[in-house]
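Shown next, in structure tokens, is the structure this report addresses.
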Amino acid sequence: MNVINVASPAVRVRGLRKSYGEVSAVDGISLEIAPGEVFALLGPNGAGKTTTVEILEGYRDRDSGEVSVLGTDPQRAGRSWRARIGIVLQLASDAPELTVAEMVTHFAGFYRAPRPPAEVIDLVGLTGKSRARIHSLSGGQLRRLDVALGLVGNPELLFLDEPTTGFDPEARRAFWEVIRALSGSGVTVLLTTHYLDEAAALASRVAVIRDGAIVAEGAPAELGGSRAGEAIVSWQDRDGRRSERTSEPTRVVQRLAASYGGEVPGLAVNRPTLEDIYLELIGGQQ
Amino acid sequence: MTAATSEHESIQAPPDGRGLPGVWSVSLSRGAVELKSFFRERQAVVFIFAMPAVMLVLLGTIFGRQHAGAGVTIGDLYVAGLIGGGVMATSYQNLGMSIAFERERLTLKRLRGTPMPPAAYFGGKIIQVLVAAVAEVVILLAVGVVFYHLHLPTSAGAWWTFAWVFTLGVAACSLLGIAASSVPRSAARNGVAVITLPFLVLQFISGVYVPFTLVPPWLRDIASVFPLEWMCRGMRSVFVPQAVVLEPGHSWQHAQTALVLGAWIVAGLILCLSTFRWQNRRDG
């Protein structure tokens, strides 16, 4: 392992702000991503995910705040910095008349020490389509080509913007395997997604973003803090369904059993799923 | 071992881009990819590349034998006019539409996110336009020689005139095409109306589709504000030199031609530098 990696984060953001006219898209975001980590920015459309990521990628200038990506301010970064990052855009569909191999080889020519194009094509599972024109690829294959183009420069940090939107379940699983393999080889990944299961499956850490601010951050299983440890005990009484949120469900059940003198009608004890917590976070209820 | 390593960040950074492939080599590689894309795309080949040759055969067949005066046939004028139009099609129309589509399809954004030197993008476009424009002229000349008994000039002076009119024309129209690519809000929905329509109108009033001798003087005055009219005039001076007596003032006005095309190059460059964007206007 590289000792320096521990000391200097791959991405460091402090108090990031960006507005378009009167509309504030990013309103004071701070985050830190360690080298080799898969970090997911999770949130509904329009929450500020894409604006944040585009600032980190060097596509947009910020209004205020500090940003350091691989030790450099993206706003002032040049070619050498771009050679160290890989960007997989949302819905890119260019060069329809080139073949997969031609396109990947062409992009490899932008870098000093690219990965061999055939190896990258194989990694994303497109070897059988190497000689196919890009316009003949399916949506999922196009997306894997996008990933190949983001990887061919052998980046230290890979940006993945909503990578599996429009995938069928099988293609998604295959795509996740590619990302896991990458992460296993030490590449830092910043993933944006609005699919909770995707973040849970891939990311070691998740930040939920809503209205331009981070409302929760942590390992997917710990999202929502203490609430994740709570359970909901529900039962049926004369007026209908009753429920109680508690961190000590056994005690509640014992109390209910005592008051009913035995069987509690319609008793159920539920833990909130990640989905429940996420919806609560982005819905801003309670 | 793993492939990814991290550089020590406290070390003084080397000059930007050191060790990365240079502008020239990336330009060549962009040019190759641009040419492949252009000639493989049937729509571009048909509507940009083949159109002038088809028009030359068609218009020449219908009107070509008629005389314009001074021993010049309408067919002669069409050869020169369509070379001017063909040069503008392969530069202005080609770049205007292709860059508008590339911006819409995020090609530009994706390239901007790589260490590709931005100048190499334009280097590749220059290569693609030059190859397409030269090929276009060769095809039109071949059609002219085969169908309309065109005699290619033999004097070095005529070919020198061709060289500078071609070069200035390609440069001016390419810059205008790059600038025009930023105008349509959507390449797919209004690219044709915004980029192709003005070019079509210019071709009718600048002596491409209609021999210049038949265009009313006030329309020719309007046309002479734009580069195409001067390019066609320059091409007539090369390929139909005997038509000089039909020209206003019985002169080819080479000095004015160079001046107008030069002025459009400057204006086009300023437009490009102030309007070129790697991404579409922010949607929301």
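The values are calculated or read from the model by the stated rules, or taken from the named source; none is laboratory data. In this text, all values refer to a predicted model and were calculated from it rather than measured experimentally. Because the Cβ atoms are built from the backbone with ideal geometry, glycine has one as well, and the counts that use them run over all protein chains shown.
Data for the structure
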item	result
Members of region B:12-42 found to be in a helix (DSSP H, G or I), at the interface with chain A (Cβ under 10 Å from one of its Cβ atoms) and within 19 Å of B:Ser91 (Cα to Cα), listed by number	B:Leu28, B:Arg30, B:Ala32, B:Val33, B:Glu34, B:Lys36, B:Ser37, B:Phe38, B:Phe39, B:Arg40, B:Arg42
Residues being surrounded by 21 or more Cβ atoms within 10 Å (Cβ to Cβ) and hydrophobic (A, V, I, L, M, F, W, C) - total across region B:21-32	1
Options B:Leu214, B:Leu273, B:Leu228: the member that is among the aliphatic types (A, V, I, L, M) and farther than 25 Å from B:Ile178 by Cβ	B:Leu214
A:Asn154, sole failed condition from (1) at pLDDT below 85; (2) in a loop (DSSP other than H, G, I, E, B)	(1)
Residue in region A:17-28 that is in contact with an Asp or Glu (Cβ under 8 Å, 6 or more places away or on another chain), facing chain B (nearest Cβ under 10 Å) and modelled with pLDDT under 95 present	no
Residue check, B:Gly124 part of a helix (DSSP H, G or I) and either touching a residue at least 60 places away in the same chain (Cβ under 8 Å) or in contact with a Lys or Arg (Cβ under 8 Å, 6 or more places away or on another chain) (or both)	yes
Within region A:176-202, tally of residues that are at pLDDT 85 or above and in a helix (DSSP H, G or I)	13
Scan of region B:206-219 for residues that are free of Cβ contacts under 8 Å to residues at least 24 places away in the same chain and part of a helix (DSSP H, G or I), ordered by number	B:Leu214, B:Pro217, B:Trp218, B:Leu219
Test: A:Leu160 is in contact with a strand residue (DSSP E or B) (Cβ under 9 Å, 6 or more places away or on another chain), in a helix (DSSP H, G or I) and among the hydrophobic types (A, V, I, L, M, F, W, C)	no
Verdict on A:Leu281 being over 22 Å from A:Leu160 (Cα atoms), in contact with a Lys or Arg (Cβ under 9 Å, 6 or more places away or on another chain) and either polar (S, T, N, Q) or not in a strand (DSSP E or B) (or both)	yes
For A:Phe107: the one exception among (1) outside any loop (DSSP other than H, G, I, E, B); (2) within 23 Å of the chain's Cα centre (by Cα); (3) aromatic (Phe, Trp, Tyr)	(2)
Hey, A:His135 surrounded by fewer than 17 Cβ atoms within 10 Å (Cβ to Cβ) and either assigned to a helix (DSSP H, G or I) or of a type in the set (Phe, Trp, Tyr) (or both) or not	yes
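Residue by residue, here is whether (1) without any contact (Cβ under 8 Å) to a residue 60 or more places away in the chain; (2) assigned to a strand (DSSP E or B); (3) within 11 Å of chain B (Cβ to nearest Cβ); (4) not β-branched (Val, Ile, Thr) holds:
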| residue | (1), (2), (3), (4) |
| --- | --- |
| A:Gly36 | no, no, yes, yes |
| A:Thr52 | no, no, no, no |
| A:Ile55 | yes, no, no, no |
| A:Val67 | yes, yes, no, no |
| A:Trp81 | yes, no, yes, yes |
| A:Pro96 | yes, no, yes, yes |
| A:Ala113 | yes, no, yes, yes |
| A:Gly128 | yes, no, no, yes |
| A:Leu149 | no, no, yes, yes |
